[in-house]
Amino acid sequence: MPIKRGDIVEVHYTGKFEDGEEFDSSRTREPLVFKVGQGEIIKGFEDAVVGMEIGEKKEITIIPENAYGEYKEELVQKVPKDFLRGRDVKKGDILELRAPGNQLLRALVCEVDEDSVTFDLNHPLAGKVLKFEIEIVGIK
């Protein structure tokens, strides 16, 4: 029976960049489980499973607009060091910050100087074309 919106699916996947470098895989853990059509995962992946059946495998390519969006320079922001209230950070650290409205944001520390810290608030996969190998292992 083909997958349709509203189904709960179990999927094994391997995600790679265009150059073939693997960035994630469910093969060493439990399958990814999600309800199709709920926006729980990236759009391109969700759209790709519609119509697939148990045991079916597929390779897909997802452009940034159907994944984590384009990389946005305006999401790289420099703030005074006192914004961190004495917290010691170094380049490469990932911090969780609260935005107005209490939204939790992950920020990569790009640069630290004497007076300021530069954060990148883009998703780590923003602007990337992603390739996935998908296998449907269950439909509920």
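The values are calculated or read from the model by the stated rules, or taken from the named source; none is laboratory data. As the structure is a computational prediction, the values presented were derived from the model and not from experiment. As a convention, Cβ positions derive from the backbone with ideal geometry for all residues, glycine included, and neighbour counts pool all protein chains shown.
Some observations on this one:
- Close contacts from the range 51-66, counting a first residue that is farther than 15 Å from Val36 by Cβ and a second that is part of a strand (DSSP E or B) and basic (Lys, Arg), with Cβ to Cβ under 6 Å and a gap of 6+ residues or different chains, come to Thr61/Lys131.
- Test: residue in the range 114-133 that is of a type in the set (S, T, N, Q), surrounded by 11 or more Cβ atoms within 10 Å (Cβ to Cβ) and in a loop (DSSP other than H, G, I, E, B): yes
- A single entry from Gly55, Gly101 fulfils the requirement of being at pLDDT 95 or above and not in a strand (DSSP E or B): Gly55.
- Qualifying residue in the range 71-92 (condition: in contact with a Gly (Cβ under 6 Å, 6 or more places away or on another chain), part of a helix (DSSP H, G or I) and at pLDDT 95 or above): no
- Within the range 1-27, the set of residues being part of a loop (DSSP other than H, G, I, E, B) and over 21 Å from Ala126 (Cα atoms) comprises Met1, Pro2, Ile3, Lys4, Arg5, Gly6, Asp7, Arg27.
- Residue match in the range 76-91 (condition: charged (D, E, K, R), touching a residue at least 12 places away in the same chain (Cβ under 8 Å), closer than 27 Å to Asp19 by Cβ and touching a Leu at 6+ places or on another chain (Cβ under 7 Å)): no
- Filtered by the rule that a residue be loosely packed, with under 13 Cβ neighbours inside 10 Å and under 16 Å from Ile139 (Cα atoms), the range 5-38 gives Arg5, Gly6, Glu30, Gln38.
- The set of residues from the range 85-98 being under 19 Å from the mean Cα position of the chain (by Cα) and surrounded by 10 or more Cβ atoms within 10 Å (Cβ to Cβ) comprises Asp93, Ile94, Leu95, Leu97.
- Failed criterion for Ile41 (all others in (1) in a strand (DSSP E or B); (2) surrounded by 13 or more Cβ atoms within 10 Å (Cβ to Cβ) hold): (1)
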